[in-house]
């Protein structure tokens, strides 16, 4: 796969400029962040969720910086406080700011990969450890996140840190600030700059780790709300009022790239209506609700079984619950882009730490990773987003194996078996 990608890159270098991918075509998702940072830095908070203001600013910037965006533009979807992250970057020229942002994302990705590698047992070979960065770096979600200049690498680092603290058993009578459950909650609260990534994860974290984890989420969440309330007057009401309207404008009043979403809503909408504008059909809404209830019910059932028998709880069960939560989350959300599937590196690594894993489960991971190479190009024409049923199958298999007695007793991992699992 690495050789294949290098071949494509080399071929692109010898193509004429009119047929090759240039730097001015990449990183356009950063435009929305740069726009929001500029409005925040200039105190123009009323323009943060104004689609006309965003369109005018970005088209003017594209003309000045020679960016190839056509008539498109990128609305700002994130909560208000997140705009302050990009306020310092917006003081730089656009290309300089984009370069700094890409370096920051590369650092986040490297730190996340370092932590993921450390989860593997101590006796595995260096070849097995190197499979973690190799498989992540050549995955389509990773390449999409980097090409779009998205914040997914930051999300991966935050989720990895949350799970790292989540898996730690607290010492007997830990102090408040030394409790890993608290830190898991504090870091999880930061992830709410993308609520679709944090909502289910925070709920399961609180249920499995209790009051300290809830306090951590509450502390971070309160701090972020206060930042928005105190530094951006009137922005919270503007956010709650305008964001649903903006989403409706992009997804309902215009044709939309539903094949780029890995949600149940996107699957049924694309299958029954294609990419055309208009409200979702009642049948699409009903099927989305039925499938969502089934998956959330399965996740809730394993949580209930885990919580009602504290004496039978194990480290392996907790790892599997974490994995099932992360795998199932995209399907339950109304808004989840395909590049955020980079977060699946976390449950994949948790699976690779086990001595036993089912052949069909491993093959499902392979099928999903392989299909993602073609999904965004083919799904729009076929009107079938096959990534969603593949992810749903993976979610069902991951949920079912939480309580599976035949694989709960994990033996001492052997290098060859770990390589197979990875």
Matching residues in the range 247-275 (within 23 Å of the chain's Cα centre (by Cα), surrounded by fewer than 18 Cβ atoms within 10 Å (Cβ to Cβ) and in a helix (DSSP H, G or I)) number 3
What tally of residues in the range 107-123 results from selecting those that are outside any helix (DSSP H, G or I) and touching a residue at least 12 places away in the same chain (Cβ under 8 Å)? 3
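Looking at this structure, is residue 89 surrounded by 11 or more Cβ atoms within 10 Å (Cβ to Cβ), closer than 22 Å to residue 247 by Cβ, touching a helix residue (DSSP H, G or I) at 6+ places or on another chain (Cβ under 6 Å) and at pLDDT 85 or above?
Taking the combined requirement at face value, the residue does not satisfy it.
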Tally of residues being outside any helix (DSSP H, G or I) and touching a helix residue (DSSP H, G or I) at 6+ places or on another chain (Cβ under 6 Å) across the range 43-65: 2
Taking the criterion of being at pLDDT below 95 and touching a strand residue (DSSP E or B) at 6+ places or on another chain (Cβ under 7 Å), would at least one residue in the range 239-260 satisfy it? yes
Is there a residue being without any contact (Cβ under 8 Å) to a residue 40 or more places away in the chain, farther than 13 Å from residue 401 by Cβ and in a loop (DSSP other than H, G, I, E, B) anywhere in the range 325-348? no
List the pairs whose first member sits in the range 299-323 and is closer than 17 Å to residue 169 by Cβ, whose second member is not in a helix (DSSP H, G or I), and whose Cβ atoms are under 6 Å apart, counting only residues at least 6 apart or on separate chains? 316/410
Checking 301, 361, 307 in turn, the sole residue that is in contact with a helix residue (DSSP H, G or I) (Cβ under 6 Å, 6 or more places away or on another chain) and either assigned by TED's automatic domain parsing to the domain that holds residue 404 or within 29 Å of residue 193 (Cα to Cα) (or both) turns out to be 361
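The values are calculated or read from the model by the stated rules, or taken from the named source; none is laboratory data. All of these numbers come straight from a predicted model, not from anything done at the bench. Cβ atoms come from the backbone with ideal geometry, glycine included; neighbour counts cover every protein chain shown.
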